[in-house]
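The structure appears right after this line, and notes come after that.
The values are calculated or read from the model by the stated rules, or taken from the named source; none is laboratory data. None of these values were measured; they are calculated from a predicted model. Methodologically, a virtual Cβ is constructed for each residue, glycine included, from the backbone with ideal geometry; neighbour enumeration extends over all protein chains shown.
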Amino acid sequence: MLEIKDLVKKYGSFTAVDGLCLHVSEGSIFGFVGPNGAGKTTTMRIMAGLLPATSGSIWMEDVDLTKNPGQLRSKIGYMPDFFGVYDNLKVTEYMDFYAGAYEIPYKDRPALIDDLLEIVDLSHKKDAYVDALSRGMKQRLCLARSLIHDPKLLILDEPASGLDPRARVEMKEILKQLQQMGKTVIISSHILPELAEMCTEVGIIDRGRLAAQGTVQEIMKRLVQKRTIYLRPVEQLEKAAAILREQPSVQDIVENALDLEFHFDGSDQMLAGILRQIIDAGVPVVTFKEKEGNLEEVFMQVTGGESV
Amino acid sequence: MMNPVLRREAVTTMRNWKTYGALIIFLAITSVGAAFYVYVSMYQNYFYSNDPASMIWLYVVLAGMQMGLVMLATPAIAAGSISGERERQTLDLLLVTKMTPLSIVLGKMMSSLIYVLLLVVATVPVFGVAFYFGSISLGSILLMLLFILFMSVALSAVSVFFSCIFKKTVISIVLMYLIIGVLCVGTLILLAFYSLFMSRSGQGDISLLGGVLILLPNPGAAFFSMMDMQMGSGMMRSLLSMVPYSDGDTVRWMAEHLWMAHMVLCLVISAVFVLLSARMIDPIREKRRVKR
C-alpha cells in the first residue's frame with residue numbers, strides 16, 4: 001500500500017528524518033510511535049505533501065508521491081495535530097468549502113456531506129457554527145473533512161491529543177469503522193496503550209530512524225525477554241508460591257493478598273508443567289495467564305528510555 | 001466553479017459585524033466630508049447658495065477622500081489573508097487540498113478586492129451630489145473608480161505577499177502603511193532632492209525621464225494627473241513646460257498621462273506579487289528550488 005524508502009529530511013545540519021524505511025499494508029491501522037522530536041510529525045507532513053523531503057521516496061500504488069503532488073493530494077487525507085476552524089461558518093458550509101477545494105461537483109456535495117457527518121456522528125450539528133463545537137467534535141469534523149475526497153490512505157497526527165476519555169473512545173470507534181470501510185490509516189499518538197489496542201501494526205521511530213516495526217505481539221515477543229505470569233488461586237496462595245520458588249525458570253515472585261505475579265524465562269512447555277504441578281498439589285487455580293506486555297515498556301526499551 | 005476560498009470568505013465576511021462597521025465608517029467619512037465641503041463653499045458664497053464653479057471641486061475632494069480611504073482600508077483587509085490562515089492554523093488544511101497555491105492566493109486577493117469594492121460602491125451615491133451640482137460626467141466618475149480599483153489591486157497583491165512572508169498580520173499592515181507613505185511622500189522628497197542636486201551641481205533642470213520614474217509609483221501624483229485631466233485645469237501641462245523636452249515622445253506621453261502609466265504599473269506589480277505569493281506558500285517550493 002505505502003512504501004517509504006530511505007526518507008531523509010534535513011534542516012541545515014540537523015537531521016529530523018534519517019533514512020526512514022517503512023511499509024504500511026493495505027487496510028491496516030498503523031501506529032506511528034516515537035518520543036518528542038523523533039521525526040513523526042515531519043514524516044507525516046512529508047507524506048501529506050506539506051514538506052519537501054531532502055531525499056528518498058514515498059511509493060503508493062506504484063506512484064512516487066514525492067514527485068506527483070497532485071496524485072498525493074487525491075490519494076491521501078491528512079489531519080494535523082493542531083488545526084483551527086473558521087469563524088462564522090456552519091458545519092455544512094465548512095464541509096462544502098473543502099469539497100470545493102477538492103473539486104467535488106456541487107450536485108454531489110449535499111449527500112456526501114450528510115454521509116460523512118453521519119460517520120463522525122455530527123449529523124445533529126450540521127447547522128451549528130464550527131467555532132462553537134467542542135474540541136472532540138472539531139476533531140471529528142476535521143476527520144470528516146479529511147475523508148471528503150474519499151482518500152485511500154488517512155494520515156492522522158495525534159488525533160486523540162487533548163480529548164477527554166469519552167471523546168477518545170468515540171474516535172477509536174470511528175477509526176474501526178474506517179478500517180471496515182477499507183481505509184488504510186496511519187496514526188501517531190503518545191497514548192501508547194491506546195495504540196496497542198487499536199493498531200494492527202506499529203512502527204517505533206527514534207531519532208529519525210525506524211527502531212522496530214510489526215504487530216504489537218511480534219514486537220513484544222522480540223523485545224520482551226521475561227514474560228510476566230499472573231496466578232490467582234481460590235485458596236492456598238502460600239502453597240502455590242512455595243512451588244514456584246522451587247522452579248529455576250521463575251524469578252521475582254510478587255505475592256499480593258489474593259494473587260501473585262512472577263517473571264518466567266522458559267518455554268511454553270515448561271510453563272504448562274509448572275501449572276500442572278500446582279494443580280496436582282491441590283491448589284484450586286481460577287486464573288493462570290500471561291500478562292499482556294505494556295507497549296510503553298517496549299517503547300522505553302527501544303528508544304533508550306526516553307520519556308514520552 | 002467559483003474559487004472556494006472566495007466563496008467562503010464572502011460568506012464569513014458578510015456575517016461579520018466588522019464589515020458593517022467599516023461600511024458605516026466609510027460612508028460616514030465620505031458623507032460628512034461632502035456635506036462639510038458643500039457647507040463651506042456655500043458659506044463663502046455672497047448669496048449663500050451653491051456656486052457651480054466651486055461645486056465642481058467637490059468631485060475632486062470626494063475622489064481624493066475615496067482614494068485615501070481605499071489606501072488605508074486595502075492593507076488592513078488584505079494583509080491578514082495568509083498570515084490569518086496561519087494564525088488560525090488553517091493554512092495546512094488548505095494546502096493539502098487540490099487547490100493550487102496560485103488559486104489560493106487569487107481567491108484571497110479577490111475576496112479582499114470584493115470587500116474594498118463593496119466599500120467603494122456603497123459610497124457611489126455620495127458622488128451623486130458632485131454629479132448633480134458639479135456637472136461632472138458619469139464616465140469621469142467611472143474612470144476615477146477604475147483607477148482606484150487598479151491601485152487597490154496592486155496594494156492588495158503586495159499586502160498578500162507580505163502576509164505570506166510575515167507570521168504576524170500587524171507587521172504586514174504596518175509595513176504596507178510605511179510603503180504607502182514612502183510612495184506618496186517619499187517620492188516627492190526624492191524629487192525635491194533630485195532637483196536640488198541638479199541645480200547645485202550646475203547640470204540645470206531635472207530630466208523628464210528621471211522625474212517620471214520617481215513619480216510613476218506615487219499614487220498621489222497619478223491621482224493628481226487624472227484629476228487635472230478630468231478638470232481640464234492644465235496644471236500638469238504647465239508643470240511639464242518647465243522641464244526641457246529632451247527624453248522623447250514616449251516619456252513625454254507618460255508624463256502627460258501619468259495616471260495611465262501608473263495603472264499599467266499597478267497591473268504589472270499585481271501580477272508579479274501574486275506569482276511571488278503563490279511561490280511563497282507552495283509547500284514543495286524548496287524541492288523545486290533544489291531541482292533548479
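Selection of segment A:13-66 for residues being aliphatic (A, V, I, L, M) and either within 14 Å of chain B (Cβ to nearest Cβ) or assigned to a helix (DSSP H, G or I) (or both) yields A:16, A:44, A:46, A:47, A:48, A:50, A:51, A:53, A:58, A:65.
Where strands (runs of 3 or more DSSP E) fall wholly inside segment A:223-308, the ranges with 2 or more residues that are at pLDDT 90 or above and touching a Lys or Arg at 6+ places or on another chain (Cβ under 6 Å) are A:285-290. Taken together, the residues in segment A:149-167 that are surrounded by 22 or more Cβ atoms within 10 Å (Cβ to Cβ) and in contact with a Phe, Trp or Tyr (Cβ under 7 Å, 6 or more places away or on another chain) amount to 1.
Checked across segment B:82-104, the condition of being among the small types (Gly, Ala, Ser), buried (at least 22 other Cβ atoms within 10 Å of the Cβ), touching a residue at least 24 places away in the same chain (Cβ under 8 Å) and out of contact with any strand residue (DSSP E or B) (no Cβ under 7 Å at 6 or more places or on another chain) holds for at least one residue.
Every listed requirement among (1) over 15 Å from the mean Cα position of the chain (by Cα); (2) under 24 Å from residue B:150 (Cα atoms) is met by residue B:226 save one, (1). With a requirement of 3 or more residues that are more than 29 Å from residue A:103 (Cα to Cα) and modelled with pLDDT under 90, the strands (runs of 3 or more DSSP E) lying completely within segment A:151-221 that satisfy it span A:201-206, A:209-214. When each of A:144, A:196 is tested for being within 29 Å of residue B:103 (Cβ to Cβ) and buried (at least 20 other Cβ atoms within 10 Å of the Cβ), the lone residue that passes is A:144. Screening B:252, B:237, B:285 for residues that are among the basic types (Lys, Arg) and within 14 Å of chain A (Cβ to nearest Cβ) leaves exactly one candidate, B:285.
Kindly indicate the residue of segment A:69-83 that is farther than 17 Å from residue A:149 by Cα and not charged (D, E, K, R) and also nearest to the chain's Cα centre (by Cα) among those meeting that condition. Per the criteria, the residue is A:82. In this structure, does residue B:153 turn out to be in contact with a Ser or Thr (Cβ under 6 Å, 6 or more places away or on another chain), within 30 Å of residue A:65 (Cα to Cα) and away from chain A (no Cβ under 14 Å)? Against the criterion (in contact with a Ser or Thr (Cβ under 6 Å, 6 or more places away or on another chain), within 30 Å of residue A:65 (Cα to Cα) and away from chain A (no Cβ under 14 Å)), residue B:153 does not qualify.
Whether a residue is within 14 Å of another protein chain (Cβ to nearest Cβ) and either touching a Cys at 6+ places or on another chain (Cβ under 7 Å) or surrounded by fewer than 20 Cβ atoms within 10 Å (Cβ to Cβ) (or both) was assessed, and residue A:74 passes this test.
Six or more apart or on different chains, Cβ under 8 Å: which pairs go from a residue in segment B:1-22 that's facing another protein chain (nearest Cβ under 10 Å) and of a type in the set (A, V, I, L, M) to one that's crowded, with 16+ Cβ neighbours inside 10 Å and assigned to a loop (DSSP other than H, G, I, E, B)? Could you list them? Short answer, once both residue conditions are applied: B:5/B:99; B:11/A:88; B:11/A:89. Residues that are surrounded by 19 or more Cβ atoms within 10 Å (Cβ to Cβ) and either of a type outside the set (A, V, I, L, M, F, W, C) or within 10 Å of chain A (Cβ to nearest Cβ) (or both) within segment B:23-32 comprise just one, B:30. Selection over segment B:65-81 of residues that are more than 14 Å from chain A (Cβ to nearest Cβ), small (Gly, Ala, Ser) and crowded, with 19+ Cβ neighbours inside 10 Å gives a count of 3. Within segment B:127-168, track down each residue that is part of a helix (DSSP H, G or I), among the aromatic types (Phe, Trp, Tyr) and either under 22 Å from residue B:88 (Cβ atoms) or within 22 Å of the chain's Cα centre (by Cα) (or both). Across segment B:127-168, the qualifying residues are B:127, B:147, B:150, B:161, B:162.
Candidates in segment A:91-124 are the residues that are charged (D, E, K, R) and buried (at least 19 other Cβ atoms within 10 Å of the Cβ); of these, the one that is farthest from the other protein chains (Cβ to nearest Cβ) is A:96. Scan segment A:79-96 and give yes if some residue there is in the same structural domain as residue A:160 (by TED's automatic domain parsing), closer than 29 Å to residue A:4 by Cα, touching a Cys at 6+ places or on another chain (Cβ under 9 Å) and assigned to a loop (DSSP other than H, G, I, E, B), otherwise no. Within segment A:79-96 (the criterion being in the same structural domain as residue A:160 (by TED's automatic domain parsing), closer than 29 Å to residue A:4 by Cα, touching a Cys at 6+ places or on another chain (Cβ under 9 Å) and assigned to a loop (DSSP other than H, G, I, E, B)), the answer is yes, since at least one residue qualifies.
Check segment B:38-50 and report whether any residue there is of a type in the set (A, V, I, L, M), touching a helix residue (DSSP H, G or I) at 6+ places or on another chain (Cβ under 9 Å) and closer than 22 Å to residue B:12 by Cβ. Among the residues of segment B:38-50, not one is of a type in the set (A, V, I, L, M), touching a helix residue (DSSP H, G or I) at 6+ places or on another chain (Cβ under 9 Å) and closer than 22 Å to residue B:12 by Cβ, which makes the answer no. Checking the structure you have, find out if any residue of segment B:221-231 is charged (D, E, K, R) and surrounded by 15 or more Cβ atoms within 10 Å (Cβ to Cβ). Checked against the condition, which is being charged (D, E, K, R) and surrounded by 15 or more Cβ atoms within 10 Å (Cβ to Cβ), segment B:221-231 yields at least one hit.
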